[in-house]
Amino acid sequence: MIELLQALNAARSFLIFPGDDSRKQERALQSDADVLVYDLEDGVAATAKAVARGGAAAFAASASPAARLIRVNDPLSAAGDEDLAVVAAIPNIGLVVPKASPSALDRAASLGKPLLALIEEAKGVRDVYAIAEHPAVFALAIGVADMSAALGLSAYGDGLHLLFVRSQLVVASAAAGIRAPIDGPCLDVRDHDALERETSAARALGLRGKFCLHPDQVAGVHGALAPTDREYERAQRILETWNEISAAGGAVGAVDGLLVDRPVALRAQAVVKAYERSNA
């Protein structure tokens, strides 16, 4: 479980596919996604849920270096109860809890698996701080389509219509001491420019992962979440300057006109680590 949590906390791409679609599952297993998400919820018709449940254990045991999550139906629903009965005995997986609420998380947490709380409703935003602090939750994610529908929003400016919600998830995650949240998917799987813009905007807001609907989106997500060469080089200069300042007993300096103090140095350190991981 420790290794699974480490992988989930470091993950950038979360590739989701319907649990009843063997072709999409095979493509997902061959992808470079950090996490594979086997869907039992919205991506599967009611008449096919039994088939999807029947394949969950085989998915979890299939060969791939990716971490595994299973998105269940609402744990407080009859369908969710059936899902939990099936996945309870499957080892080395986490669960995605849709329309997360404290009570739904309590029910899912009874399985002893790490939970990704999907914030998709106004009530979820209202309760996001309590949700983030739930002991079983390792991360929050935003359900962009459901949230937009729930709030009556129209798409605007690469996600600006959900700016408030995304920022709430970022602050709640930081306050709870869990990893940075995961953004919802770019719904147009063919528009790689939109994917890059969305992911870059999410990264600027403090999100550090993104759901993918197609294997072709994985590389774009990884690239957009990684610091650029220019950002890396500047971060290195900031750290060099900070080391000099600290060695001299100082507290403040400057790099290219930018004030450098301890918080700026800590941010630069995070940039360097992210860059080195993406280029490992």
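The values are calculated or read from the model by the stated rules, or taken from the named source; none is laboratory data. Bear in mind that the values here come from a model prediction, so they are computed numbers and not experimental data. All Cβ positions, glycine included, derive from the backbone under ideal geometry; neighbour counts span all protein chains shown.
Evaluate the range 212-220: report whether one residue or more is in contact with a strand residue (DSSP E or B) (Cβ under 6 Å, 6 or more places away or on another chain) and either exposed (fewer than 13 other Cβ atoms within 10 Å of the Cβ) or within 23 Å of Leu69 (Cα to Cα) (or both).
So the first thing to find is which residues in the range 212-220 are in contact with a strand residue (DSSP E or B) (Cβ under 6 Å, 6 or more places away or on another chain), and the list is 212, 218.
From the residues that got through so far, the ones that are either exposed (fewer than 13 other Cβ atoms within 10 Å of the Cβ) or within 23 Å of Leu69 (Cα to Cα) (or both) too are 212, 218.
Scanning the range 212-220, I find at least one residue that is in contact with a strand residue (DSSP E or B) (Cβ under 6 Å, 6 or more places away or on another chain) and either exposed (fewer than 13 other Cβ atoms within 10 Å of the Cβ) or within 23 Å of Leu69 (Cα to Cα) (or both), so the answer is yes.
Give the number of residues within the range 203-228 that are touching a residue at least 24 places away in the same chain (Cβ under 8 Å) and within 30 Å of Ala254 (Cβ to Cβ). Talk me through it step by step, then tell me what you get.
Within the range 203-228, the subset touching a residue at least 24 places away in the same chain (Cβ under 8 Å) is 205-227.
Now narrow it down to the ones that are within 30 Å of Ala254 (Cβ to Cβ): 205-208, 224-227.
Summing the residues that are touching a residue at least 24 places away in the same chain (Cβ under 8 Å) and within 30 Å of Ala254 (Cβ to Cβ) in the range 203-228 gives 8.
Looking for whichever is farther than 28 Å from Leu160 by Cα, outside the structural domain of Ser173 (by TED's automatic domain parsing) and charged (D, E, K, R) here; the options are Arg237, Arg267. Which one fits? Give the derivation first.
Values: Arg267 fails: farther than 28 Å from Leu160 by Cα.
One residue alone meets the criteria, Arg237.
Sort out which residues of the range 186-239 are more than 15 Å from Val35 (Cβ to Cβ), of a type in the set (Lys, Arg) and in a loop (DSSP other than H, G, I, E, B), and write them in order of number.
Result: Arg190, single match.
Quick one: which helices (runs of 4 or more DSSP H) lie wholly within the range 38-121 and hold at least 2 residues that are under 21 Å from Ser173 (Cα atoms) and at pLDDT 95 or above? I'd like the intermediate steps shown before the answer.
Details: elements: 49-54, 56-61, 78-87, 102-109.
Where helices (runs of 4 or more DSSP H) fall fully within the range 38-121 and carry at least 2 residues being under 21 Å from Ser173 (Cα atoms) and at pLDDT 95 or above, they are 102-109.
Kindly provide the set of residues from the range 122-160 that are of a type in the set (Gly, Ala, Ser) and more than 23 Å from Ala174 (Cβ to Cβ), ordered by number. Quick ask: steps written out before the conclusion?
Step one: filter the range 122-160 for residues of a type in the set (Gly, Ala, Ser), giving 122, 124, 130, 132, 136, 139, 141, 143, 145, 148-150, 152, 154-155, 157, 159.
Of everything in the range 122-160, those that are of a type in the set (Gly, Ala, Ser) and more than 23 Å from Ala174 (Cβ to Cβ) turn out to be Ala145, Ser148, Ala149, Ala150, Gly152, Ser154, Ala155, Gly157.
On the basis of being in contact with a helix residue (DSSP H, G or I) (Cβ under 8 Å, 6 or more places away or on another chain), buried (at least 22 other Cβ atoms within 10 Å of the Cβ) and not hydroxyl-bearing (Ser, Thr, Tyr), does Gly159 make the cut? Reasoning before the result, please.
Values: in contact with a helix residue (DSSP H, G or I) (Cβ under 8 Å, 6 or more places away or on another chain): yes; buried (at least 22 other Cβ atoms within 10 Å of the Cβ): yes; not hydroxyl-bearing (Ser, Thr, Tyr): yes.
So Gly159 fits the description; yes.
Quick one: which residue in Ser200, Ser154 is out of contact with any strand residue (DSSP E or B) (no Cβ under 8 Å at 6 or more places or on another chain), polar (S, T, N, Q) and either farther than 30 Å from Asp256 by Cβ or buried (at least 19 other Cβ atoms within 10 Å of the Cβ) (or both)? First the steps, then the outcome.
On the way: Ser200 fails: either farther than 30 Å from Asp256 by Cβ or buried (at least 19 other Cβ atoms within 10 Å of the Cβ) (or both).
Exactly one of Ser200, Ser154 is out of contact with any strand residue (DSSP E or B) (no Cβ under 8 Å at 6 or more places or on another chain), polar (S, T, N, Q) and either farther than 30 Å from Asp256 by Cβ or buried (at least 19 other Cβ atoms within 10 Å of the Cβ) (or both), namely Ser154.
Among the residues of the range 46-83, what is the count of those that are hydrophobic (A, V, I, L, M, F, W, C) and buried (at least 20 other Cβ atoms within 10 Å of the Cβ)?
The first filter runs over the range 46-83 and keeps only residues hydrophobic (A, V, I, L, M, F, W, C), leaving 46, 48, 50-52, 56-61, 63, 66-67, 69-70, 72, 76, 78-79.
Still in the running and buried (at least 20 other Cβ atoms within 10 Å of the Cβ): 52, 56, 59, 66-67, 69-70, 72.
Total satisfying the criteria: 8.
Could you tell me whether Ala180 is outside any helix (DSSP H, G or I), of a type in the set (A, V, I, L, M, F, W, C) and not assigned by TED's automatic domain parsing to the domain that holds Glu121? Before the answer, list the steps.
Numbers: outside any helix (DSSP H, G or I): yes; of a type in the set (A, V, I, L, M, F, W, C): yes; not assigned by TED's automatic domain parsing to the domain that holds Glu121: no.
In short, no.
Where residues in the range 122-153 are outside any helix (DSSP H, G or I) and more than 23 Å from Cys212 (Cβ to Cβ), which of them is modelled with the lowest pLDDT?
Here is the first cut: in the range 122-153, the residues outside any helix (DSSP H, G or I) are 127, 133-143, 152-153.
Now restrict to residues that are more than 23 Å from Cys212 (Cβ to Cβ): 127, 133-136, 152.
Numbers: Asp127: 98, Glu133: 98, His134: 98, Pro135: 98, Ala136: 98, Gly152: 93.
This residue is Gly152.
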